[in-house]
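Single-structure report; data block below.
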Amino acid sequence: MRTRTVLTSGGVAAAAILLPLGAVESATADSASAARQPRCGTPSGKDFPIGTRIHGGPMVHHPGGGFEQWSVDLTNSTARACRNIHPVIVFAARDRGLNPARLMLEFYDDRRARWQPAPLESTSEDELIGVLDSDGARGDQGGFTVPAKATLTVRVRLSVTTDTPPNQVTVRAAVVQRRGGDGDWVGESDDYRFAVLDDPGDGATITREELATTGSTSLTRLAVALGTVLLGGAVLALVARRLRPRRR
């Protein structure tokens, strides 16, 4: 497959994937079905309809130290269930050395009652992204369903390989409602930051002030990252119809 860069109506760059004709035809029915699903919130709304929060994660990950758990809360502020919801986890490192081979991201799938891998990919912005993609029914294009006026908590865990160099990492969750061949941007979390450090016995320390200097992931860079997301085996151009201000 080949990639090309396109612009949305809002001027945000995203990577689109040129799929073989047969793959496109086979996905037509599912795409049409998903496109008819009710939208999550209203396009004219000031705030994102899915309030998103990352919490419970450690301040430090030690290379080779095994999995550390945290959670992603998805809060539906609307009066209707939001379906086909896909949280996209974006990692932005201060220094080079963070790549998909050095991180393992998993989430707990309540439907299967087991941990599922969320494969990571690199983006053109030197970030890593992984999709928390609960299978669901293929005709429903997978994803999570967040009930009306309720919060769904997705448990996540992350491990770092032994050869990962010290670094400071910013994590953000961008939330997409998949709609046929593209998607609506329906939520975004604040930053969660952690350090990758050697064993404490080596004398490595980090302060909260140092973590606070880690660069943030901008809205535009998140939109670029969404363009290379793998969902249900098909690569989609998931782009925001417009950049909505974050809820404060």
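The values are calculated or read from the model by the stated rules, or taken from the named source; none is laboratory data. Nothing here was measured: the structure is a model prediction, and the numbers come from that model. FYI the Cβ positions are ideal-geometry reconstructions off the backbone, even for glycines, and counts take in every protein chain you see. All accessible areas refer to the heavy atoms of the entire protein, side chains included, with ligands and DNA or RNA removed. Shrake-Rupley method; radii C 1.70, N 1.55, O 1.52, S 1.80 Å.
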- line: Residues of the stretch 41-93 being among the small types (Gly, Ala, Ser) and either surrounded by 17 or more Cβ atoms within 10 Å (Cβ to Cβ) or at positive phi (or both), in sequence order, are 41, 51, 56, 57, 64, 66, 77, 92, 93
- prompt: Which residue out of 152, 103 is at pLDDT 95 or above, under 28 Å from residue 194 (Cβ atoms) and in contact with a Gly (Cβ under 9 Å, 6 or more places away or on another chain)?
  reply: 103
task: Kindly indicate the residue of the stretch 94-107 that is open to solvent by less than 50 Å² (accessible area, probe 1.4 Å) and assigned to a strand (DSSP E or B) and also nearest to residue 126 (Cα to Cα) among those meeting that condition.
output: 103
message: For the stretch 112-129, which positions are of a type outside the set (Lys, Arg), open to solvent by 20 Å² or more (accessible area, probe 1.4 Å) and without any contact (Cβ under 8 Å) to a residue 60 or more places away in the chain?
response: 113, 115, 116, 117, 120, 122, 126
- prompt: Do we have any residue at all in the stretch 165-184 that's of a type in the set (D, E, K, R) and at pLDDT below 80?
  reply: yes
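May I ask you to say which residue of 88, 72, 60 is farther than 19 Å from residue 130 by Cβ and β-branched (Val, Ile, Thr)?
Checking each option against the conditions leaves just 60.
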message: Any residue that is over 21 Å from residue 37 (Cα atoms), of a type in the set (Ser, Thr, Tyr) and open to solvent by 40 Å² or more (accessible area, probe 1.4 Å) - is there at least one of those in the stretch 137-156?
response: yes
